[in-house]
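Data block below; observations after.
The values are calculated or read from the model by the stated rules, or taken from the named source; none is laboratory data. These numbers come from a predicted model, not from an experiment. Methodologically, a virtual Cβ is constructed for each residue, glycine included, from the backbone with ideal geometry; neighbour enumeration extends over all protein chains shown.
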Amino acid sequence: MTSVAETPRAPAASPAASPTAPPLTFDAAAALARALDEQIGAQIIGQHEVRREIMACVLAGGHCLLRGVPGLAKTLLIKSLADAMHLRFSRIQFTPDLMPSDIVGTEVIEEDLATGKRSVRFIPGPVFANVILADEINRTPPRTQSALLEAMQEYQVTIGGVRHALDRPLFVLATENPIEQEGTYPLPEAQLDRFMFNVVISYPELEEERRVLAETTGEAAAPARPVATGEQLEAARALVRAMPAASNVVDYALRLSRASRPGDPAAPEVVRRFVRWGAGPRAGQSLLLGAKAWALLDGRPAPEPADVTRVALPVLRHRLLVNFQAEADGVTPDDVVRRLVAAVSSMVSA
């Protein structure tokens, strides 16, 4: 059965995008990122790298796909992030019977009892929010998954030939269970490319799991406290995009994305042998924006080539389509990305 949950807020005056946010200083943006991470850290024990990758994605204004086995607090992590923001939050539980209209909304015919006249009224769906949790997104067919495509890329939905603008900021954070095959539908490549980061959450360390057992089996912890507004997040996103990137950083991101394509002359042996399709230009954009956001999290005013290396795995792992040879040899996209980064880094430093 379809499940859609939504937190209430005061109705917006218009469904159009948010007005231009006032500028935010670099120190204020860095403090905002720290405050958000502190609120998430109060709910999530450990998973520091995962939290940092999600924070970088949010600051860059991207969408995030979170993959991991059940029970690793994927949904709680996203819900805690939403609780730390003064934004409208919607949760969509993806199921095999979910329809596109359950996501974007639908039109209904209403009759005026006094006059007998009929009119068409649009009822917005849960995509009309700022933070959208698409829970277990691979449990619904591609037809329904594609309902998010226009919203994620163009920040609007089109219903009955009428375009409806979505409020900004808009973050789609989806969870995916990678171990179950029955009753699941792989995400289309076109939709995977809309996700700026593909973050993999793994089992906690020994001491972190001990803390999980000790601290989550007693009294419930207080929910995260809202510390960021939509205007502040939009200003932080604008600040990240305005950060300067040196030519060597741009060139490094360009080389990484182009070297992931087996037909490119610069492609290393691992790509030519194991990759069927490489990353497109959107991957290079995500590498640069992710590197800028990573630099902001570190309190640095400009990104370095090392920042591009740090975000290469979440940016590229879902954009490389490996061939049958890779599957036969047990080579995963993560293995290819690591070897690709090592090969390109050696060429840059040579």
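What the table shows:
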read-out: Close pairs (9 angstrom Cβ cut-off, 6 or more residues apart or separate chains): part of a helix (DSSP H, G or I) in region 225-238, of a type in the set (F, W, Y) anywhere; value: L233/F171
read-out: Qualifying position, being assigned by TED's automatic domain parsing to the domain that holds L170, over 30 Å from G284 (Cβ atoms) and among the small types (G, A, S), among A73, A82; value: A73
read-out: Qualifying residue in region 158-166 (condition: on the phi > 0 side of the Ramachandran plot, in a loop (DSSP other than H, G, I, E, B) and touching a residue at least 12 places away in the same chain (Cβ under 8 Å)); value: yes
read-out: Subset tally (residues that are of a type in the set (K, R) and either within 14 Å of I54 (Cα to Cα) or under 18 Å from the mean Cα position of the chain (by Cα) (or both)) for region 259-304; value: 2
read-out: Hey, E327 surrounded by fewer than 20 Cβ atoms within 10 Å (Cβ to Cβ), in a helix (DSSP H, G or I) and of a type in the set (D, E, K, R) or not; value: yes
read-out: The listed residue being at negative phi and not polar (S, T, N, Q), out of A84, A73; value: A84
read-out: T106 under 28 Å from Q156 (Cα atoms) and touching a residue at least 60 places away in the same chain (Cβ under 8 Å); value: no
read-out: Lone unmet requirement of (1) closer than 27 Å to V308 by Cα; (2) not assigned by TED's automatic domain parsing to the domain that holds R317 for R261; value: (2)
read-out: Subset of region 152-164 that is within 18 Å of R194 (Cα to Cα) and touching a Phe, Trp or Tyr at 6+ places or on another chain (Cβ under 9 Å) - its residue that is surrounded by the fewest Cβ atoms within 10 Å (Cβ to Cβ); value: M152
read-out: Filtered residues of region 39-69 (kept if touching a residue at least 24 places away in the same chain (Cβ under 8 Å) and acidic (D, E)); value: E53
